[in-house]
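Asker: One structure is given below, represented as structure tokens, and several questions about it will come after.
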Amino acid sequence: MLNLRQMPEYTFPEPILWGSATAGHQIEGDNIHSSHYHNEQAHPEYYDEPSGKACNSYELYKEDIELLKKLGHQAYRFSIEWCRIQPEEGKIDYEALAHYQDMLDRLAEAGIHSSVTLVHFSVPWWFDKKGGFAKAENLHYFTEYIDFIVPKIADRVGSWTILNEFNLSRSLDPIQLDRKIGCLKAHCAGALAVKQYSNAPVSSAHAFVHQDPVRPLDKLDCTMANLSDWMVNEFFFHAVRTGEIVLPYRDMEYMPELKQSCDYWAINYYHRTPVTARSKTGLGTKLEFARYKLVDCDFGQREFNPESFMQCASRITDKPVWITENGICCDDDRFRIMYTMLQLEAMKMALAYYPELKIKAYMHWSLLDNYEWSSYIPRFGLCDVNRETFERTPKPSAWFLKEVIERNGFSGELFEKYVPELSGFTLYEGVNKAIGITIN
Ligand code: IFM
């Protein structure tokens, strides 16, 4: 068993580009022209709370860049909100453009690599109303936007992700399939358009969730896990490797341009999904020992599962891998440090097991405690954000990561420095129920 305190000093064999990631809607605040903001107002019943002012980063972006500097980050992944640039169909907001240009300039001055996401879930409300990416005839709105924005910022962007995590749905529902195909085509069109103006590497961020059969010897569990894996993961890798768009109950489409659409694999890695044939949803429950919640709400991404990173990594050795998100939501920051240690160890082991694997970047999700799409309770941040004053306060995990960055590695002694003891912490079992467990 791994003793985190006794792990030997390890330096990654190649320099890794270290940093953190955020997304516009989750941190900027008052994102009033976005689909998400609209839905939060129109359907409060689906949300625990609205995003409101989020972390007020649209105003405080200079402060955020100072924070990145202070924490030693070499790269910052953030998204440009399409709906701020085009709040209405056919209308450009030049002030918003100047805002993002200034942000990119300041990041460049600070020597921080800008990793720009063009669509991190939220899109303009006017585009969503037309059916968004699920409608093939809407694609031109996106490519027109790309042709506008990219030349205005290309000289300052270090790397691109066109879309974020459109792979996630396992659904066979026709609209979901249309959306997935639409996103794949938008990714492809976006990547090719970006390449006309920029030499910086391009990809789309893939939430790589290992689909784990609950009973590995059960034929139907494995069949379901394979199907889920195709729906969530492999359809994307397959499309980019071969140009074939292959989804169930659809004719295959061949788009040779897809083959040039990713220079690297942008991987958001958090956890795995247990898959079972013995439930209507196909989803297995988390194992009993992973049942305790690290935040006071029901939230899936709470599992420590570095092994499944190894399984994912073994499948993506054919292009450089950038970890564009990785992190955990927890109230007790010591869990974040533990989780990150285990992830670093998994990266080390993956590099040792799969010599062809190239891990080029690691961006922690997230710089700030931010709006987790429905609630502020799951806290992924390296920095706490005061919900009234918006003051940012780095947590110990932020200083821990700073030292990882400085060494391009990690050690048990570093862990010991930041987590001298692990007792007296709070876990939650079920909704709003704190339980006491002591680990010595
Ligand atoms: O907050 C999200 C992010 O927007 C996309 N990836 C997963 C994160 C944590 O849930």
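Asker: Consider V246 carefully, then state whether it is in contact with a helix residue (DSSP H, G or I) (Cβ under 7 Å, 6 or more places away or on another chain) and modelled with pLDDT under 95.
Answerer: Considered against the rule, which asks whether it is in contact with a helix residue (DSSP H, G or I) (Cβ under 7 Å, 6 or more places away or on another chain) and modelled with pLDDT under 95, V246 comes out as no.
Asker: Using the structure shown, decide if T242 is within 16 Å of the ligand (Cβ to nearest atom) and open to solvent by 10 Å² or more (accessible area, probe 1.4 Å).
Answerer: No.
Asker: Of the conditions (1) at pLDDT 90 or above; (2) surrounded by fewer than 16 Cβ atoms within 10 Å (Cβ to Cβ); (3) of a type outside the set (S, T, Y), I439 fails just one. Which one is it?
Answerer: Among (1) at pLDDT 90 or above; (2) surrounded by fewer than 16 Cβ atoms within 10 Å (Cβ to Cβ); (3) of a type outside the set (S, T, Y), the lone unmet condition for I439 is (1).
Asker: In the range 38-61, is there at least one residue being farther than 21 Å from R387 by Cα, at pLDDT 95 or above and within 16 Å of the ligand (Cβ to nearest atom)?
Answerer: yes
Asker: Select from the range 154-169 the residues that are charged (D, E, K, R) and away from the ligand (no atom under 16 Å from the Cβ) and list them in ascending order.
Answerer: Matches in the range 154-169: D155, R156.
Asker: Where the second residue is outside any loop (DSSP other than H, G, I, E, B) and within 16 Å of the ligand (Cβ to nearest atom) and the first is charged (D, E, K, R) and lies in the range 194-222, which pairs have Cβ atoms under 6 Å and are six or more apart or on separate chains?
Answerer: Note: pairs meeting the criteria are D212/R272.
Asker: Which of the residues that make up the range 296-332 are surrounded by fewer than 20 Cβ atoms within 10 Å (Cβ to Cβ), modelled with pLDDT of 95 or more and touching an Asp or Glu at 6+ places or on another chain (Cβ under 9 Å)?
Answerer: Q311, R315, T317, D318, K319, P320
Asker: Would you confirm, using the coordinates I've provided, whether I377 is surrounded by fewer than 17 Cβ atoms within 10 Å (Cβ to Cβ) and either in a loop (DSSP other than H, G, I, E, B) or more than 16 Å from the ligand (Cβ to nearest atom) (or both)?
Answerer: Criteria met by I377.
Asker: Please pick out the residue among L351, L357, L382 that is away from the ligand (no atom under 11 Å from the Cβ) and within 29 Å of E59 (Cβ to Cβ).
Answerer: Within the list L351, L357, L382, the selection yields L382.
Asker: Any residue at all in the range 322-330 that's more than 16 Å from the ligand (Cβ to nearest atom), at negative phi and in contact (Cβ under 8 Å) with a residue 40 or more places away in the chain?
Answerer: No, that holds for no residue.
Asker: Across the range 354-371, what is the total count of residues that are open to solvent by 30 Å² or more (accessible area, probe 1.4 Å) and out of contact with any helix residue (DSSP H, G or I) (no Cβ under 7 Å at 6 or more places or on another chain)?
Answerer: Residues in the range 354-371 being open to solvent by 30 Å² or more (accessible area, probe 1.4 Å) and out of contact with any helix residue (DSSP H, G or I) (no Cβ under 7 Å at 6 or more places or on another chain): 4 in total.
Asker: Right, something else. Which is more than 16 Å from the ligand (Cβ to nearest atom), under 19 Å from the mean Cα position of the chain (by Cα) and open to solvent by 30 Å² or more (accessible area, probe 1.4 Å), of P174, P216, P201, P256?
Answerer: Of the residues listed, the single one that is more than 16 Å from the ligand (Cβ to nearest atom), under 19 Å from the mean Cα position of the chain (by Cα) and open to solvent by 30 Å² or more (accessible area, probe 1.4 Å) is P201.
Asker: If you go through the range 19-31 one residue at a time, do you hit one that is open to solvent by 70 Å² or more (accessible area, probe 1.4 Å) and at pLDDT 95 or above?
Answerer: No: zero hits.
The values are calculated or read from the model by the stated rules, or taken from the named source; none is laboratory data. This is a predicted model, so every value here is computed, not measured. Heads up, the Cβs are rebuilt from the backbone with ideal geometry, glycines too, and the neighbour counts pull from every protein chain shown. For accessibility, only protein heavy atoms count, side chains too; no ligands or nucleic acids. Shrake-Rupley method; radii C 1.70, N 1.55, O 1.52, S 1.80 Å.
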